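Below you'll find the structure I mean.
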Amino acid sequence: MKIKLDRVEKTFDTFRAVRGVSLNIESGELVALLGPSGSGKTTILRMIAGLEYADAGHIYFGEQDATEISVANRGVGFVFQHYALFPHMTVAQNIAFGMKVSKTRRSKDEINLRVAELLDLMRLKGLGERFPAQISGGQRQRVALARALAVDPKVLLLDEPFGALDANVRRELRRWLREIHDELGITTLFVTHDQEEALDLADRVVILREGEIVQHGSPYEICRHPNSAFVTRFLGDANRLEVRVHNGVAHIADLRIAAPGCIDGPAELYARPGDLAWDGKGIAATVSRVIDRPGSRRIVADLDTGETVELDVPPDVPVNAKDRGAIAVTRASIFPLAM
Ligand SMILES: Nc1ncnc2c1ncn2[C@@H]1O[C@H](COP(=O)(O)OP(=O)(O)OP(=O)(O)O)[C@@H](O)[C@H]1O
């Protein structure tokens, strides 16, 4: 099912939570809505689900205006961060719940068969008779997803479904969600404020700021061509240096870095730890700390210009705290400084 948002607005009292959002989600696509807290992600999801009305603009499911479709008929499966499973029902009963109350009549055998299929698909085999309190947090979210999938939704909406889980379980669950998505091909919209999660999972990432889309594109486009200082900073792990641009070239200490299209004047340069090199030439610096990682070393260095940067070098590069050296910039995003 294809979803289209056309200049959608939502205001709570006087607060404009969603400001003219237009977005096309193709059938079978997995899209992540990424943005800081309060940027309007959940509100957009709730409007698509029909739990909230848009004040202006339109939402289409396929060719049909969603306002004409009741919540029950939208064919939407919803999973929240704290998706309360019914504690007095077993895992199997929780999964069967939606099918039992659905308008589509299913026989007991059909329901049991579907529950068994979903337990298998969700790698929950053998847990059907347990109660929610007797399984782990990660397993509970898989039950929540099984419950959402049980009624064959056309669209799956996930609001920080793994938010409450620890980092390793999250990583494992999102890989697995991607596999499930690829197997079932359901149009999926996923809300997160975790950059890594969005980039890891999605075909397309939509970045929101204060109720507006500021950039959308494939993870590659977002990572390699962030269109603003905000997006670059939000993706995390970026060193920021103040530079001066003149005739399309950024100047910092003795370095000259191409800044095509950037207007003359003060600007900010962003470079990720992998985009800086510990080199013979560049900005003079003193190493303040070396952090060893499984596949690399991270150098924390104080530049003579007064700024501190972090850069990654191969694990066998000999470097120690207090070493003097120079830092070259191999790749950078440069934006005019907002005056
Ligand atoms: N029912 C409501 N009444 C008043 N204000 C609301 C309501 N729902 C959301 N808001 C406000 O709208 C803004 C957007 O909220 P929303 O929950 O969509 O953001 P979000 O990006 O999902 O944030 P988070 O990551 O913290 O969940 C917030 O400033 C929030 O306080």
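None of the figures in this text is laboratory data; all of them are computed from the coordinates on show. Note that the coordinates shown come from a computational prediction; the quantities given were computed from them, not determined experimentally. Positions of Cβ are backbone-derived with ideal geometry, glycine not excepted, and every protein chain shown enters the neighbour counts.
Report, in whole Å, the centroid distance computed from the Cα atoms of segment 97-127 and segment 264-297.
Their Cα centres are 54 Å away from one another.
Quick check for me: using +1 on Lys/Arg Cβ and -1 on Asp/Glu Cβ, what's the dipole size of the chain about its Cα centre, in debye to the nearest 20?
820
While we're on this one: What value, in deg cm²/dmol to 500, does the helix sum -39500 (n - 2.57) over DSSP H runs of n ≥ 4 give at 222 nm once divided by the residues of the chain?
-7500 deg cm²/dmol
Next question. May I ask you to derive the relative contact order of the chain, considering only C-alpha pairs under 8 Å and at least 6 residues apart, and to give it as an integer percent?
Numbers: 694 pairs, mean separation 54.0, N = 339.
Relative contact order comes out at 16 percent.
Stokes-Einstein diffusion coefficient for segment 237-336 at 10 °C in a medium of 1.306 mPa s, Rh from the Kirkwood formula over Cα pairs: what value in µm²/s?
116
Additional query: Distance in nm between label sites at VAL317 and ARG331, each 7 Å beyond Cα in the beta-carbon direction?
1.5
Looking at segment 1-104, which trypsin sites (Lys or Arg not before Pro) are DSSP coil and have at most 11 other C-beta atoms within 10 Å of their C-beta? Before the final figure, lay out each step's value.
Numbers: sites: LYS2, LYS4, ARG7, LYS10, ARG16, ARG19, LYS41, ARG46, ARG74, LYS100, LYS103; in loops: LYS2, ARG74, LYS103.
Passing sites in segment 1-104 are LYS103.
How do MET89, MET1, MET122 rank when sorted from fewest to most other Cβ atoms within 10 Å of their own Cβ?
Ascending Cβ contact count within 10 Å gives the list MET89, MET1, MET122.
In Å, what Rg and Dmax follow from the Cα atoms of the chain?
For the chain, the Cα-based Rg and Dmax read 24.3, 76 Å.
Just to be sure I understand the model, the point goes 7 Å from the Cα along the line to the Cβ. What's the resulting GLU117 to VAL169 distance in nm?
2.8
Radius of gyration and Dmax for segment 1-132's Cα atoms, expressed in Å?
Spelled out, the Cα radius of gyration and Dmax of segment 1-132 are 17.8, 52 Å.
Given the C-alpha centroids of segment 128-179 and segment 8-45, what is the distance between them in whole angstrom?
23
Moving on to the next point. Looking at the chain, how many pairs of lysines come closer than 23 Å at the Cα, when each pair is eight or more places apart or spans two chains?
Lysine pairs meeting both conditions in the chain amount to 13.
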